[in-house]
Amino acid sequence: MQRFMNFLLAGLLLLGIGSAPVLAEGGKQKVVYHVNYDDTKHQTAALRNIQNHINAVGAENLDLKVVMHGDGLALLLYPDAKANTKMKMANADDEMQAKISGLKDQGIEFQVCANTLKGRKIDAEDDLYDVSKADIVPSGVAQLAILQSQGYAYIKP
C-alpha cells in the first residue's frame, strides 16, 4: 500500500497537481521577496531577479512585495545618513535609487520593518530613499508570515 501511495504522489507531482502558482484576485501571482542582508552585490542581484520576474510574467500579472528588515534596510539607506544610524552599510546611491524607482514604477511595493527603524536609529523620512508611512510595517518577519498566510509565495534571493 505504501508503495502505491508513493507512486500516486509521484504521479500527481509530475502532472503538476498541488504545485499551481499562487494567484491573487484577477489571476495575479502573489510573491514576497525577503531582503535582510546589506551586501550591495547581493541586493543588486535581488533587484535584477525581481525585474526578471516582472519580465517573465508581466507587471500586470504580478502582486510583488519586497520586505526588508535588519541589514536589508541598507538597500534604501542614503550613504550620507549612515553615520547617524546603527547600520554598517548604506547602499541607496543614485544607481540603486534608479533601480528601485524603476521597480516601483512597475507596481512593486517595498515594505520596511518598524522594529529595525527603531533599533538601528533610522529616520524613515530623512534617512531612507522614497519611503512613506504606508511602507512601514510593524515587524518585517511578522509581515513575511502574514503575507505567506495570505498565499504569497516566499522568495529569498
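Net charge near V35: determine it from the other residues with C-beta under 10 Å of the C-beta of V35, scoring Lys and Arg +1 and Asp and Glu -1. All intermediate terms of the calculation are to be shown ahead of the outcome.
Numbers: positive: K156; negative: D38, D71.
So the environment of V35 carries a net charge of -1.
Charged neighbours of A90, selected by a Cβ distance under 9 Å, balance to -2 (K, R count +1; D, E count -1).
Computed over protein heavy atoms with a 1.4 Å probe, the carbon and sulfur contribution to the accessible area of the range 25-78 reaches 46%.
Residues in the range 36-92 average 44 Å² of solvent-accessible surface per residue, probe 1.4 Å, ligands and nucleic acids excluded.
The values are calculated or read from the model by the stated rules, or taken from the named source; none is laboratory data. Predicted model only: the values in this text are computed from it and were never measured. Cβ coordinates were reconstructed from backbone atoms using ideal geometry, including for glycine residues, and neighbour counts include every protein chain displayed. Protein only, heavy atoms only, side chains kept; ligands, DNA and RNA dropped before computing areas. Shrake-Rupley method; radii C 1.70, N 1.55, O 1.52, S 1.80 Å.
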